[in-house]
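Written below as structure tokens is the structure these notes are about.
The values are calculated or read from the model by the stated rules, or taken from the named source; none is laboratory data. What you see is a predicted model; the values in this text were computed from it and never measured. Glycine gets a Cβ as well: all are built from the backbone with ideal geometry, and neighbour counts include every protein chain shown.
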Amino acid sequence: MRNLLNVETRTGFWFWLLLVLLTAVFLRLYQLNSVPPGFTHDEADHGITAVSILNGAREIYFTIGHGREPLFDYATAGAMALLGQQGWVLRGTAVFFSLILLGGMTAWTSTAFNNRVALFTAAGLAVGFWPLMAARQGLRSIALPALFSLALYFFWRGLQKQQTSRGLLLTDYRLLITFLTAGLFLGLTFYTYIPARGLWLLFPALLLLGTVWQRGWLRQAWPGTLLMLLVAGLLAWPLVAYLRANPGAEIRIDELSAPLTAVLQGDFSLLWANVKGGLAIFTVAGDSAWRYNIPERPLLGFVMGILFYLGIGIALWQLAGRKRQAEELVGQNGRLAYAAALIWLLGGLAPVLITGPELSMTQGMGMQPVIYLFPALALDWGWRVVRSRWQVASGRWPVVGLASAILLFGGTAVITARDYFGTWANAPEVRVQYESTMVTALSYLVEQGVADAAVSTITPGPFHTPALAQMVLPANAGEPRWFDGRASLIVPHADESLLVFSGFAPLPEALQPYLAMAVLQDTLRLRPDDADRPIWVYRIAAAEAVAAWQDWLTPQSAHFGDAAELIGYDLSAGSVAVGSAVQLVTVWQVQSAVPDLRLFTHVVGPDGIPLAQADRLDAPSSSWVAGDWLVQLHEIVVPEDTAVGTYPLTIGLYRCLDAACAQTERLMVWQDGTAVGDNLPLTELMITD
């Protein structure tokens, strides 16, 4: 029993490591279906990408969400193939990678330092707020530190084997396999997250430092290091080649490079502000976004923060020590291990120093494992100092030291659980970010067994709330129609259907008459502090509603390509003063789903150029269902400098041909079987003083 409790024995180490792992598993799986309270659109996009892979997609880089690497999505698709296309499987994939991270980091720290450092590092990763947050979110960033820690571990094992092996790299198959495995994991990191493109520099940096510190090191270490980098480069090359051939695929890179662009123009202010904010995330003020953090909460608490800085000091002190023999460089407490930790920290922190603390919880993911190594180094140093001074009196110190460690990490676990499951998960802004209102609405539709429903949301686009629905709804559930009720309305073509409105996207006054024939069926209760409340559920009969609309609509029949048929319109006023706005409502019957359509309304000048316009479509055309009814509100503001007179008011549909909608194609308008152009004059609008 004494050996079991003593972390300095092999049995004790494995016993306590098992407890740490069980703690990590519990914290990561506890209430995984309900915390976080829904899904962000980034998570949902990963989910629908995984589903597309199951349906045959085989991309090397996915342009969804401003562009992202594919490994996490393929891993999620594999998990879904085994466990089903459900939202918890997406998050389960993240949990899996987080446990791989913990295992890989434990293996490396045990090899490079000692078992005690490894155990303390694992404990920090198991109970820390940041690792827990990252482990329970279905985002690709968690895969980077998991695979990188494995790459470093096998590289380290290879260096150690090379120190003791008498054979050459190509003749010692175990040595060869070790470096090949390191290269495999390093190459795979390029398919995880953007910071991987800089983290690989750790390995040539270690080769250079070893060469400076020890004569003969280069001759001994370069074959394995070169082999690892070659394997990694070969694996990464298809992705690199794709991105070079498709520079427009990575929108995110352009967004993140603004501080560096400013530096090239001689302006260092933005970069300097970001550097100061980035350095503060450890113990002063962290990520300000509720989506991934309690705003401004630093990565480490007071005690862990002190240990972190002390650990960095110990690592720097070790680097300044006397020269060691080559075998010491990769042995226990060798300088190269401390150098690896510091370089890893700096490489992982670099993106945060460039972009600033906002969203640093994801952008700094590359350094997550190593920040918990430095407190472990400080604890290990204190352990050895106290033991050597007390001379391990009566064998009490291992028990006292263990009790102190349990108090530290146990207290951290309690604080983490309180902050994550209590404060963060129940914050109103978090519930907004994770679309808990939409989850409630979708769950209601499932309970009602409704086949035809339309849901109002402020994010009706295919990669936002509809993506969330694919992760929440059962496979046999019908897909709702989507619209933004603040300027549009969809009525399913059915005898009866449900319309769902959230507090963020209610119907405006101009469109309320179109809902007059509906009956309020339910008002779903949410939490008193939820921002997006309440949820109104209406029951409506399409035929009855459309018949009522005829009382005020001006009939106007026209077909716009194969997408939709115009039924009529309602103009709020026939005249409008300059500088004022006029409202137009158009009513359509959908014919087919056509991706990326926009609806334009133009007040056309004498030269054919629009004087005023409103281009929008608040019910995304990619999710249209044939037969449904669409009501769209257009608000046109007449510029102050418009000359008094009468001007044609025209409408039309066009399709965006690229992501920025810089290239467009108008749909042809047909009336009575005859093409009449690419726009339709509705009426004339009088502009007055």
Does TYR191 count as at pLDDT 95 or above, aromatic (Phe, Trp, Tyr), in the same structural domain as ALA126 (by TED's automatic domain parsing) and touching an Asp or Glu at 6+ places or on another chain (Cβ under 9 Å)?
yes
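Of the residues VAL446, VAL450, which single one is of a type in the set (Val, Ile, Thr) and outside any helix (DSSP H, G or I)? I'd like the intermediate steps shown before the answer.
On the way: VAL446 fails: outside any helix (DSSP H, G or I).
Residue meeting the stated conditions: VAL450.
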Are any of the residues in segment 157-175 among the aromatic types (Phe, Trp, Tyr) and modelled with pLDDT of 85 or more?
no
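Could you say whether any residue in segment 266-279 is in a loop (DSSP other than H, G, I, E, B) and on the phi > 0 side of the Ramachandran plot? Steps first, please.
The initial filter retains those residues of segment 266-279 that are in a loop (DSSP other than H, G, I, E, B), namely 266-268.
From the residues that got through so far, the ones that are on the phi > 0 side of the Ramachandran plot too are 266.
Yes, segment 266-279 contains a residue that is in a loop (DSSP other than H, G, I, E, B) and on the phi > 0 side of the Ramachandran plot.
Is there a residue being closer than 26 Å to TYR30 by Cβ, of a type outside the set (Val, Ile, Thr), in contact with a helix residue (DSSP H, G or I) (Cβ under 8 Å, 6 or more places away or on another chain) and not assigned by TED's automatic domain parsing to the domain that holds VAL439 anywhere in segment 56-74?
The initial filter retains those residues of segment 56-74 that are closer than 26 Å to TYR30 by Cβ, namely 72-73.
Add one more test, that the residue is of a type outside the set (Val, Ile, Thr), and what stays is 72-73.
If we keep only those that are in contact with a helix residue (DSSP H, G or I) (Cβ under 8 Å, 6 or more places away or on another chain) too, we end up with 72-73.
Those left that are additionally not assigned by TED's automatic domain parsing to the domain that holds VAL439: 72-73.
Yes; the residues of segment 56-74 include at least one that is closer than 26 Å to TYR30 by Cβ, of a type outside the set (Val, Ile, Thr), in contact with a helix residue (DSSP H, G or I) (Cβ under 8 Å, 6 or more places away or on another chain) and not assigned by TED's automatic domain parsing to the domain that holds VAL439.
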Give the residues of segment 195-206 that are surrounded by fewer than 20 Cβ atoms within 10 Å (Cβ to Cβ) and free of Cβ contacts under 8 Å to residues at least 40 places away in the same chain, sorted by residue number.
ARG197, PRO204
Can you list the strands (runs of 3 or more DSSP E) lying wholly within segment 595-689 that have 3 or more residues being free of Cβ contacts under 8 Å to residues at least 40 places away in the same chain and surrounded by 15 or more Cβ atoms within 10 Å (Cβ to Cβ)?
610-616
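Which residue, of ALA510, ALA467, ALA477, is part of a loop (DSSP other than H, G, I, E, B) and of a type in the set (Gly, Ala, Ser)? Spell out the reasoning first.
Details: ALA510 fails: part of a loop (DSSP other than H, G, I, E, B); ALA467 fails: part of a loop (DSSP other than H, G, I, E, B).
Step by step, each of ALA510, ALA467, ALA477 is checked, and only ALA477 is part of a loop (DSSP other than H, G, I, E, B) and of a type in the set (Gly, Ala, Ser).
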Got a sec? Which of ARG431, ARG418 is under 31 Å from the mean Cα position of the chain (by Cα), among the basic types (Lys, Arg) and surrounded by 18 or more Cβ atoms within 10 Å (Cβ to Cβ)?
ARG431
Evaluate the following for ALA451: is it within 30 Å of ARG666 (Cα to Cα) and either at pLDDT 95 or above or not assigned by TED's automatic domain parsing to the domain that holds LEU630 (or both)?
no
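Table: residues versus (1) buried (at least 21 other Cβ atoms within 10 Å of the Cβ); (2) modelled with pLDDT of 95 or more.
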{"site": "ASN33", "(1), (2)": "no, no"}
{"site": "GLY38", "(1), (2)": "yes, no"}
{"site": "LEU102", "(1), (2)": "yes, yes"}
{"site": "ALA126", "(1), (2)": "yes, yes"}
{"site": "TRP130", "(1), (2)": "yes, yes"}
{"site": "ALA134", "(1), (2)": "yes, yes"}
{"site": "LEU147", "(1), (2)": "yes, yes"}
Can you tell me which residue within segment 253-299, out of those that are at pLDDT below 90 and acidic (Asp, Glu), is nearest to TYR434 (Cα to Cα)?
GLU255
Among (1) at pLDDT 95 or above; (2) touching a strand residue (DSSP E or B) at 6+ places or on another chain (Cβ under 9 Å), there is one condition PHE62 misses while meeting the rest; what is its number?
(1)
Condition first: buried (at least 21 other Cβ atoms within 10 Å of the Cβ) and assigned to a loop (DSSP other than H, G, I, E, B). Can you find one or more residues in segment 538-558 that meet it?
no
